[in-house]
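The values are calculated or read from the model by the stated rules, or taken from the named source; none is laboratory data. It should be emphasised that the depicted structure is a prediction, and the values quoted were computed from it without experimental measurement. Virtual Cβ from ideal backbone geometry, glycine too; neighbours counted across all protein chains shown. These area figures cover heavy atoms from the full protein model, side chains too; ligands, DNA and RNA do not enter into them. Shrake-Rupley method; radii C 1.70, N 1.55, O 1.52, S 1.80 Å.
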4 protein chains.
Amino acid sequence: MKNIPVAILGATGYTGAELIRLIEAHPHFEVAHLGAHSQAGKLAGEVLPGVSGRIAAMTLAAADATLPLNVELVFTALPHGAAAGSVFSALEAGKKVVDLSADFRHKTHAVYRAAYQADHPHPELFDEAVYGLTEHARDQLASARLVANPGCYPTSVLLPLIPLLKAGVIDTSSSIIIDSKSGASGAGRSAKTDLLYCELNESVKAYGLPRHRHAWEMEEWALGFAGSETKVRFVPHILPMNRGMLSTLHLSGNSSESWLDILQQAYGDEPFIKLLPQGTLPSTAGISGSNRCDIGISLLSETEVVIVSCIDNLLKGAAGQAIQNANLMFGLDETEGLATHALWP
Amino acid sequence: MKNIPVAILGATGYTGAELIRLIEAHPHFEVAHLGAHSQAGKLAGEVLPGVSGRIAAMTLAAADATLPLNVELVFTALPHGAAAGSVFSALEAGKKVVDLSADFRHKTHAVYRAAYQADHPHPELFDEAVYGLTEHARDQLASARLVANPGCYPTSVLLPLIPLLKAGVIDTSSSIIIDSKSGASGAGRSAKTDLLYCELNESVKAYGLPRHRHAWEMEEWALGFAGSETKVRFVPHILPMNRGMLSTLHLSGNSSESWLDILQQAYGDEPFIKLLPQGTLPSTAGISGSNRCDIGISLLSETEVVIVSCIDNLLKGAAGQAIQNANLMFGLDETEGLATHALWP
Amino acid sequence: MKNIPVAILGATGYTGAELIRLIEAHPHFEVAHLGAHSQAGKLAGEVLPGVSGRIAAMTLAAADATLPLNVELVFTALPHGAAAGSVFSALEAGKKVVDLSADFRHKTHAVYRAAYQADHPHPELFDEAVYGLTEHARDQLASARLVANPGCYPTSVLLPLIPLLKAGVIDTSSSIIIDSKSGASGAGRSAKTDLLYCELNESVKAYGLPRHRHAWEMEEWALGFAGSETKVRFVPHILPMNRGMLSTLHLSGNSSESWLDILQQAYGDEPFIKLLPQGTLPSTAGISGSNRCDIGISLLSETEVVIVSCIDNLLKGAAGQAIQNANLMFGLDETEGLATHALWP
Amino acid sequence: MKNIPVAILGATGYTGAELIRLIEAHPHFEVAHLGAHSQAGKLAGEVLPGVSGRIAAMTLAAADATLPLNVELVFTALPHGAAAGSVFSALEAGKKVVDLSADFRHKTHAVYRAAYQADHPHPELFDEAVYGLTEHARDQLASARLVANPGCYPTSVLLPLIPLLKAGVIDTSSSIIIDSKSGASGAGRSAKTDLLYCELNESVKAYGLPRHRHAWEMEEWALGFAGSETKVRFVPHILPMNRGMLSTLHLSGNSSESWLDILQQAYGDEPFIKLLPQGTLPSTAGISGSNRCDIGISLLSETEVVIVSCIDNLLKGAAGQAIQNANLMFGLDETEGLATHALWP
């Protein structure tokens, strides 16, 4: 029975649309409020081609509109900087919050400023926020009032990295080299020339250098979850596809111990992590539309290892992991409303 | 509770894979058997990148393997010609069948031969087979033992056409011109040069002329459902995208009566049909991943009307409608396990 | 030897970029001036990723900057409405002009107003402008001072249509139905949400209804070149690909005479028209990067004929035909600097 | 004037088709013979959608057919292993040869065997073959009888690497990490399931591990051209696009000296190498359809440098560089018949 009304702020972006889809197919959550910026006042169906029925007929509220009293949970899919105020207000109003922006992913103001080049309006909430990399944060999620949903790139990188860092098999004396590839939906729905179809189609490029914001997040939580002072050299690329993210980790270390066994012990029972047989590497086609993270390992030599990790950037990298976290916040089965099999092809 | 074991024959094609995804997320059906042709003996996970867990570990049976006793329902996603024998055997074994091939879509041997250039091995089943265009066949589906799942193009064309033909507003004195566009998944998963990525990408072409097989199906069921002797000029095209089908109907007739009202009366309460406001036309992005058919109308003049109809060829055009039909065959809510909102973008 | 300096106004759009590419590889034309709107003052290389060397280092002039004295020919690749003034000034300054906008494609102010919903600032130039559908305008092009380069859709439609209309084999008692499909580059380089990669990718939709501007152009020049009062029902669609345009003409008429023979007689010696064998239909892959128009015919019945016509919308549909016309204006071989073979794949 | 007749063996693959296009637009070369494997006996126009006119009407000869007497130059675009015999025969018949296969890229039988797992039928030609990385082999190309055209990945990697290795700024004490991304045309035109449109579209994956054949080629020629014993960790990926190759070099070394200056000194006058301003990185859109290699540098720290290099895999990575080499072999201007500006978009 549908019994938990939720609000989505930032409902007309790609992540917001994905939250709507997941929640409407979820057995316990129900969309009760849709907030939007410039589109406020329109019907959801005018702005979102994929919705129909009741949702299409809902009016989009302003981003700062008062939330309905019965709403218990708020998803904020707003730009960083803009999200913090909405998160603060929702908490004040007694709601639980899953924030999909970057605003509460860091534990210190100094790191936030370094990564986002701005002061944070509510640093007092840093301590309370739970960094929701679900597989490593279940204990805290059950009682969390505010969950900082991880970034897409950090999710794809930290999931394979944490158990291996804990096991001490990776050489961290020099930076870890991570070469990531993302579909275009990760860049958002802003009307910018460089996001036009003809600019991205049939093309690939690196961006975000010399240091992408997610590098700070990876380093902070490699330390946070694995206790390992790790430096990353992170180079993201944008590809001509809508969804999907693939991170190639070029690692050095001791491969005499089986890295796959280490991951198997950590994740063997996880519903949303698939470990491929040794030497087999995943594609993003395998996880598109699913909440899974697929991980494969190839040994190049005794000391050189390549790990490839794939997620759907809008699911395990954003809205899917947000629902996974929300399930735990409300005492539900973690897998409720989330697909394990991909929409393929 | 999962309590209806099902088999899928032809599990490793694109339609078979989509059936697996839908059934595994379905509250009542459960995959109990996977049949495949040349891939028999392999694990499903070796051939289908999108599956994980229990399904990935299932061994693919030969297409003609004996079905498990407990299986109650069989989906045949086999090539036309090959399907009929499997359908016959499954019925003999006491199973219900939804056949996604073309083998039972026609009522006479003569039409089948004209469309498929072959003799049919089991014409004795023609009479029993229910043509499962769900919205127009509910009465028969509840008690059906064998459902012939409609073709993708006919589904996209017949849904808008039937109510308008019944209302008598379309001029059928000359052929109805239908120009359809389909994603590449409709062409199947055979290793053919002309289906290679580089042959289809960045290109569009017409195919299947002078007369595509689905033209016979459209004409037979325009007559069957609307009682209208209709001739179609049907020209399909293949586009550089995985999923999605758009049919443009170039119609003539009397537009003084509102065609949208006629469709509204026929489909206003349908969960999987979305009628767009007058003058607004749908895109396939709006229905990808959903079981919906979206329909829009544009009046060009008093006698000239364009109707555009969109479906996901693997869902409402194949596996989705098959589940919709199966739900009714087993007395379940027709919408169980089927998405109304699209996976967008 | 490079001896004809040319200017391009609107150099930073997709058509402008294509003109640069063609002119720089042309044996007689040379880029001497690049005009741009909002990008004026920047280097061409900052705005156009595909250029290098001398061109990349050129500074973009304002659209209304005075043209260098030595420039003999101006290509205006500006929005309709904006182009007319630049055309007028260039003619005043003694230059020849090929205008790629729609501003001089119509012969009467009334039709221009109907199609473009605006008054024209220089209707006095209508009479002088030569409509540059090259294969049918050679006599006039040699002495033309102002050439109106045809629209992409009209080019793809008129080339197959004109000889058949002249031959009287097409039934024009009712509207001719034309269903066209275009790559996204035809929509231009404006920063609009509905042109974003994720909005167009994996999707198709119709647009421009109830009557696209190019319908007027088709009707005017079907009459102009073939003397036939023809009405068109024209429905364009946008596809997920950069380049390429395919028009499907759903025609009725008398097919006892060979339509292919009629086209063969008209175009058998044309360097940029390829007629496919009866029953074979072209794809846009076959003409991408080439200035060709490929035409195929399929007979559906004695009275029903489908013709498919393909061009690269940026070449034969814009910049390529502009160069073809410019070659004739300057007494050069019509094929100079233009590819007959496609960039495939 | 066209005066050098050439033959293309392997004319119906993607590289062969690109050679046809380039040669037909070339002022001095002319296609006199087209060889093909399984397609022999057909017309070129039946197999290659992009050609027209004289070329479309040419009959495809068997791969081992006797070459016309007047042919002076042979391009072999055959699979490795198959090429060597054709190369041998052509040389015996007194022709010059540009071999686009891998058969003559290595100097020792041992390395060839390691990389290609096969014995070589004509190792006696190893010494004579000139490895045609044009910018570094001009002296030898002028008098070469046999040119081994470099692999696509090695071209994209060696061009930025060689001057930097010579300058000694790169740390080669551990392996150089190279993460490459290629369009699908690099995988060839074989009818394989894993190259189907729906398998590659909307997906990315790594392949060729633990050691792709091109790793040997990179190492051999880093040593050959720069005298540097370099080890590479090379991980290629396949992307959903037809053309284009991007290599991301994750380098360590001394960045106090300007790496861009080093490349500027080496390549400042090269017609087909474009160096981007410091901190600006290229996209494959910028080089598609052009023979250019675009190179950009981003400094991550005092010791960490990312270099991104882009080529069109069918041009500078195959047919374009082959023509560049052939120009030099025949004393022509190196740039004849080759585009510097991209086909964009």
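Descriptive notes on the structure:
- The single residue among D:ALA110, D:ALA118, D:ALA167, D:ALA114 that is of a type in the set (A, V, I, L, M, F, W, C), touching an Asp or Glu at 6+ places or on another chain (Cβ under 9 Å) and surrounded by fewer than 21 Cβ atoms within 10 Å (Cβ to Cβ) turns out to be D:ALA167.
- Qualifying position, being in contact with a Lys or Arg (Cβ under 7 Å, 6 or more places away or on another chain) and open to solvent by less than 40 Å² (accessible area, probe 1.4 Å), among A:LEU91, A:LEU161: A:LEU91
- So D:GLU220, is it away from chain A (no Cβ under 14 Å), among the acidic types (Asp, Glu), assigned to a loop (DSSP other than H, G, I, E, B) and open to solvent by 10 Å² or more (accessible area, probe 1.4 Å): no
- Exactly one residue out of C:ALA184, C:ALA191 is buried (at least 24 other Cβ atoms within 10 Å of the Cβ), assigned by TED's automatic domain parsing to the domain that holds C:GLU217 and touching a helix residue (DSSP H, G or I) at 6+ places or on another chain (Cβ under 6 Å): that is C:ALA184.
- Residue in region D:290-303 that is in a helix (DSSP H, G or I), within 21 Å of D:VAL232 (Cβ to Cβ) and in the same structural domain as D:ARG233 (by TED's automatic domain parsing) present: no
- Region D:161-213, residues that are at the interface with chain A (Cβ under 10 Å from one of its Cβ atoms), in a strand (DSSP E or B) and within 23 Å of the chain's Cα centre (by Cα): D:ILE177, D:ILE178, D:ASP179, D:SER180, D:LYS181, D:SER182, D:LYS205, D:ALA206
- Every condition in (1) out of contact with any Gly (no Cβ under 8 Å at 6 or more places or on another chain); (2) within 12 Å of chain C (Cβ to nearest Cβ); (3) hydroxyl-bearing (Ser, Thr, Tyr) holds for D:THR284 except the one numbered (1).
- The listed residue being surrounded by 20 or more Cβ atoms within 10 Å (Cβ to Cβ) and under 24 Å from B:SER290 (Cα atoms), out of A:ASP312, A:ASP294: A:ASP312
- The lone criterion from (1) at the interface with another protein chain (Cβ under 9 Å from one of its Cβ atoms); (2) touching a strand residue (DSSP E or B) at 6+ places or on another chain (Cβ under 7 Å) left unmet by D:LEU314 is number (2).
- Members of region A:1-38 that are out of contact with any helix residue (DSSP H, G or I) (no Cβ under 8 Å at 6 or more places or on another chain), closer than 18 Å to A:GLY186 by Cα and either part of a loop (DSSP other than H, G, I, E, B) or at pLDDT below 95 (or both): A:GLY13
- For B:VAL111, the criteria (1) closer than 30 Å to C:THR303 by Cα; (2) without any contact (Cβ under 8 Å) to a residue 40 or more places away in the chain; (3) outside the structural domain of B:TYR267 (by TED's automatic domain parsing) hold in every case but one, which is (2).
- Flag if A:GLY279 is facing another protein chain (nearest Cβ under 10 Å), surrounded by fewer than 24 Cβ atoms within 10 Å (Cβ to Cβ) and in contact with a strand residue (DSSP E or B) (Cβ under 7 Å, 6 or more places away or on another chain): yes
- Residues in region C:317-345 that are in contact with a His (Cβ under 8 Å, 6 or more places away or on another chain) and part of a loop (DSSP other than H, G, I, E, B): C:PHE330, C:LEU332, C:GLU336, C:GLY337.
- Failed item, numbered, when A:VAL305 is tested on (1) more than 20 Å from the chain's Cα centre (by Cα); (2) within 11 Å of chain D (Cβ to nearest Cβ); (3) closer than 22 Å to A:PRO150 by Cβ; (4) open to solvent by less than 30 Å² (accessible area, probe 1.4 Å): (3)
- Among the residues listed as A:GLU72, A:GLU30, A:GLU24, the single one being surrounded by fewer than 23 Cβ atoms within 10 Å (Cβ to Cβ) and farther than 21 Å from A:ALA339 by Cβ: A:GLU72
- C:SER255 touching a strand residue (DSSP E or B) at 6+ places or on another chain (Cβ under 8 Å) and at pLDDT below 95: yes
- Conditions (1) crowded, with 24+ Cβ neighbours inside 10 Å; (2) without any contact (Cβ under 8 Å) to a residue 12 or more places away in the chain; number of the one not met by D:GLN321: (2)
- Looking only at region D:47-69, and only at residues there that are more than 14 Å from every other protein chain (Cβ to nearest Cβ) and without any contact (Cβ under 8 Å) to a residue 40 or more places away in the chain, the one that is most open to solvent (accessible area, probe 1.4 Å): D:LEU69
- A count restricted to region D:226-254 and to residues that are assigned to a strand (DSSP E or B), within 8 Å of chain A (Cβ to nearest Cβ), open to solvent by less than 20 Å² (accessible area, probe 1.4 Å) and farther than 14 Å from D:ASP179 by Cα stands at 0.
- Of C:ALA326, C:ALA319, all but one fail to be out of contact with any Asp or Glu (no Cβ under 7 Å at 6 or more places or on another chain) and either among the polar types (S, T, N, Q) or outside the structural domain of C:SER101 (by TED's automatic domain parsing) (or both); the exception is C:ALA326.
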